[in-house]
Amino acid sequence: LFRSASHRFRQGVRIEMVSGKRALACLNIHFEQNSLVAADLSAKPENTFEAVTHVKEENFRLRGEIIRLEKEKYESIAARCQGMTDVLVCVPDLSPVDIRKCADGILNVISGICVLISGDDEQGYRYAAGIRQGDVRALVKEMNSQLNGRGGGNPVFAQGTFKAVLSEAESFFTGKGFTSIII
């Protein structure tokens, strides 16, 4: 019986072989693992490959559905900003990647700067700040200074974090003429 793993060794490949009691022990381990997987997937042990394939396909389909729903969510948030100039948008529980995607969607429907934040007063906030034409670096530098933040980027897009409460951030941006949208 050959073990399932082969190892590269110098210029060739080393293959491990077991026989006798070790072969039986190896088969027992594989059988036990396959039985556990089959039970977990509600399948017969001889059908685990098909069951795993089905789970992988379902996972792929569900990931696609999640992406579609996230896109709808970002479009809905962007629709609330349609036609505005400078906006501060607070959306809870977004990952850094989602913050960037959502801010980018908002930039498609406004004519100024979008600052999107996500987080809470206790842990702090992540932000993305962008503009289609112009430079957000001066705003980001001032925001980082005023709101105990850090981060940066290029002239049209920056990301970072700050440790201020939402009311302080809202006050900072509304004082600069931003429209505040809390979701």
Can you confirm whether segment 68-76 contains a residue that is at pLDDT 95 or above and touching a helix residue (DSSP H, G or I) at 6+ places or on another chain (Cβ under 6 Å)? no
If the requirement is being under 26 Å from K71 (Cα atoms) and exposed (fewer than 14 other Cβ atoms within 10 Å of the Cβ), which of these qualifies: D121, D93? D93
Checked C26, C81, C102 against criteria (touching a residue at least 24 places away in the same chain (Cβ under 8 Å) and over 27 Å from G151 (Cβ atoms)); the one match is C26
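For the condition open to solvent by less than 60 Å² (accessible area, probe 1.4 Å) and either of a type outside the set (A, V, I, L, M) or at pLDDT below 95 (or both), what is the one hit in G64, G83?
Being open to solvent by less than 60 Å² (accessible area, probe 1.4 Å) and either of a type outside the set (A, V, I, L, M) or at pLDDT below 95 (or both) holds for just one of G64, G83, which is G64.
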Which of the residues belonging to segment 100-118 are within 14 Å of the chain's Cα centre (by Cα) and either part of a strand (DSSP E or B) or within 20 Å of E168 (Cα to Cα) (or both)? S118
Would you pick out the residues in segment 159-169 that are open to solvent by 60 Å² or more (accessible area, probe 1.4 Å) and touching a residue at least 24 places away in the same chain (Cβ under 8 Å)? Q159, K163
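The values are calculated or read from the model by the stated rules, or taken from the named source; none is laboratory data. From a predicted model like this one, the values you see are computed outputs, not experimental measurements. Cβ atoms come from the backbone with ideal geometry, glycine included; neighbour counts cover every protein chain shown. The protein model used for the area step is the full one, side chains on, heavy atoms only, and it has no ligands, DNA or RNA in it. Shrake-Rupley method; radii C 1.70, N 1.55, O 1.52, S 1.80 Å.
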